[in-house]
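Here, each number is a calculation from the coordinates, and none is a lab measurement. Note that the structure is predicted; figures quoted are calculated from it, not measured. All Cβ positions, glycine included, derive from the backbone under ideal geometry; neighbour counts span all protein chains shown.
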Amino acid sequence: MDAVQKANSGHPGTPMALAPAAFVLWNRHLIYNPSNPKWFNRDRFVLSCGHASMLQYALLHLTGYDLSLEDIKQFRQWESKTPGHPEYSLTPGIEVTTGPLGQGIMNAVGMAIAEAHLAAIFNKEEEKVIDHYTYAFCSDGDLMEGASHEAASVAGHLGLGKLICLYDDNHITIEGNTSISYSDNVAGRFEGYNWQVINLGDKANDIEAISDAFSKAKEETTKPTLIILRTHIAYGSPNKHDTSAAHGSPLGEDEIKLTKKFYQWPEDEKFLVPDDVKSFMDNRNEGRDAEMNWNYHLNNYKEKYPEEFKLLNQYINQELPSGWDNKIPEYKSTDAPKATRSVSADVINAIESQLPWLMGGSGDLEPSTETIIKSSKYFEKNSYQNRNMAWGIREHVMCAASSGITLHGGLRIFAATFFVFTDYARPAIRLACIMKLPVIYVMTHDSIGLGEDGTTHQPIEHLASFRAMPGMTLIRPADANEAAYAWRAAIENKNGPVMLVLTRQKLSIIDRNKYAAAEGVYKGAYILLNEKKSSPDIILIATGSEVELALQAAEKLEEQNIDTRVISMPSWELFRSQPEAYRSVVLPPASKKRIAIEAGSSFGWHEWIGDEGKMIGVDHFGSSAPYKELYNHYGLTVDHILATAKGMILKNK
Ligand SMILES: Cc1ncc(C[n+]2csc(CCOP(=O)(O)OP(=O)(O)O)c2C)c(N)n1
């Protein structure tokens, strides 16, 4: 109450209502070490209703994390460790950034998947080195969101018994009582998903009942558990409890005094934490003992199973072994044309044995995204050791749980679907960018080049939209060898997501004896074909499948004495990160006659082509037809490039 009041913004009511449940969990059940928030075998806690952040900050402070009362007083202020919603990597003990409702519960599913997978691989009957629970608190908003359906459906299907969610059934959302918008039978819903449901009814302040529910949840290891708890928002506030007024704004000084009176707390004290409360809540000793106990078992494990122990460390540290990429094929220009999605399949299967911690899957499109790890099977109930995730047609949880798996640690994950269906996963991808998680998105069917499926399946604005997303590295390779380097760049990148944008259609393999080497992918853009004179008459910049067109056009332009440079530009972000000296060699500021060719929205391209440049793109929703016809109809042709180039040169003369 005090922190929200001081900030004059935030959500006091939900932390107040959930305080007893949070107390029970953090004091009696959750295993964690405040002095080492990253201890690997800790229980994970996700506050899916991130707006109730003050609940978690209070817990972190009271239990002994590096979060002082001063930090609490800085709630929602510039550069504080207590931002409006919990932020991963900013505040010790915050496992995941939450705020957009529904995300946290999906992330928690990923954490439980990671635990199940690592446990299946490493645990021995007598030494369970990976053995922890994942807990999530979720609110009405979390469960109203469609995201919760995907999360619960996956978790129930997989029987993730160590996932325990507590539903804060407080009947209040922003607009008022949930009766105006919501009448789901939540218990029935989750039973239908194959969850264990424990309905505690109106026992929000019954410490023992809540504690028993957590115990029962832990005992059921074949199904995830939902504990439903009818709470009262702003419990104790005489005028605001059970009202939406307690949701998004401070209670007000007078109301806080009345509430403190209700709790028999000194009315005029602010930020009061009595010493005995502090020592009672401090979990540092218990946390240290828990970690020491784990270390003891880990040591036994190391002695009995030295190979597995070594491997476990490799999973956790994920250092790339030397030669990890040796088996990635090099493609010759005389090889048959190959779709970049098929190259991705080659790469995954060329590296997976070197990187056993790599796992991934598709949203029911594996035959098209070509992302199966052939040496393994599907991750299923009772087969958690397998590395292929069958996410079903659930792109949103696929991406959010992939973040959860990454956050858990010990695994590297890729997630695949058609590029256009990133629309169903965008909120999760955005959060992965915010958290700088190195998830690899394998997005195939990257343009109108997918052809007959038509408008609904043809991504148009998607390239532009992900290039606009801070923290995303998008790579759209031009041929098989670029695609192989794109995968290398993705694996080597540890700081944020990489999205590989790949074709359905086959692409010729660029002759690297004639044109520059494919390593140029690392630099984001490189000169594939150099002009003959000291400076080019025209520069063609293309990405992905359109690089082939640019090269063909360049040959024709050369025949007509128009000296042409061709730049392959698979990644704007990688190029932007190059030194100015390199960028100005690739794109000399004085050469203003530039044409960009890309089968996608022209939005953003003026950064590279400048005011005088032209863009040959697709600024409409495409159409259903064989792709070559679409390319012809929409002017993605050599002739159109020639005409555009000549037009620019004539105009200048
Ligand atoms: C996806 C999404 N939509 C909207 C919001 C804005 N928002 C924040 S809290 C909230 C509703 C809160 O109701 P509930 O989930 O029941 O939480 P409580 O008020 O009980 O804390 C909304 C709509 C959001 N955070 N995320």
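Observations, loosely collected:
- Residue by residue, the range 294-311 carries 3J(HN,Hα) couplings of 5, 4, 4, 5, 5, 5, 4, 4, 4, 6, 7, 10, x, 5, 5, 4, 4, 5 Hz when phi is fed to the Karplus relation 6.51 cos²θ - 1.76 cosθ + 1.60 (θ = phi - 60°); x denotes Gly or Pro.
- Taking amide H as placed 1.01 Å from N in the peptide plane, A416 has its amide H under 5 Å from the amide H of G361, S362, G363, V442, each at least 5 places away in sequence or on another chain.
- Cα-based Lys proximity count in the range 325-403, under 28 Å, for pairs eight or more positions apart or on separate chains: 6
- Using a Förster distance of 60 Å, the FRET efficiency for K73-K646 (Cβ separation, nearest 0.05): 0.35
- For the range 414-555: lysine pairs under 23 Å (alpha-carbon distance), excluding those fewer than 8 apart on one chain: 8
- Under 22 Å from the Cα of K302 - lysines, other chains or at least 8 residues apart: K38, K124, K128, K310
- Calculated from backbone phi, Karplus (6.51, -1.76, 1.60) coupling profile of the range 479-489 in Hz, x at Gly/Pro: 7, 4, 5, 5, 5, 5, 6, 4, 5, 4, 4
- Each of W572, L358, I562 was scored by the projection of its Cα onto the charge dipole of the chain, and the greatest displacement toward the positive side belongs to I562; charges sit on the C-beta of Lys, Arg, Asp and Glu.
- Neighbourhood charge, 11 Å Cβ-Cβ cut-off, centred on T417 and excluding it, Lys, Arg +1 and Asp, Glu -1: -3
- Amide H contacts for I31 (H built 1.01 Å from N in the peptide plane; partners 5 or more residues away or on another chain; cut-off under 5 Å): D43.
- What the phi angles of the range 349-366 give under the Karplus curve with 6.51, -1.76 and 1.60, with θ = phi - 60°, is a coupling list of 7, 7, 10, 4, 6, 7, 10, x, 7, 7, 9, x, x, 10, x, 6, 10, 3 Hz, glycine and proline written as x.
- For E319, neighbours were defined as the other residues whose beta-carbon sits under 15 Å from its Cβ, and their charges (Lys and Arg +1, Asp and Glu -1) total +1.
- Near K377, the amide H atoms lying under 5 Å from its own belong to R387, N388; only residues 5 or more places off or on other chains count, and H is placed 1.01 Å from N.
- The range 166-220 shape via C-alpha gyration tensor axes, a/c threshold 1.5: oblate
- At an R0 of 41 angstrom, the distance between the Cβ atoms of E286 and T456 translates into a FRET efficiency of 0.15.
- Straight-distance crosslink candidates among lysines, where the alpha carbon sits under 18 Å from K203 and sequence neighbours closer than 8 are dropped: K216
- Contour excess over end-to-end distance, with Cα ends at Q560 and H149 and 0.36 nm allotted per residue: 141.9 nm
- Residue-count net charge about P470 - beta-carbon cut-off 12 Å; Lys, Arg +1, Asp, Glu -1: +3
- Of all lysines in the structure, those lying under 16 Å Cα to Cα from K240, and not within fewer than 8 positions of it along the same chain, are K257, K260, K261.
- Sites H171 and N313 - FRET efficiency at Förster radius 60 Å, r taken between beta-carbons, to 0.05: 0.80
- Shape call, the chain: gyration tensor on alpha carbons, a/c limit 1.5: prolate
- Sorting 170-177, 30-37 by their mean Cβ neighbour count within 10 Å, with the most densely packed peptide first, gives 30-37, 170-177.
- Where Cα atoms sit under 24 Å apart: lysine pairs in the range 536-653 separated by 8 or more or lying on different chains: 20
- Among 597-606, 400-409, the order from most to least packed when residues are scored by Cβ within 10 Å on average: 400-409, 597-606
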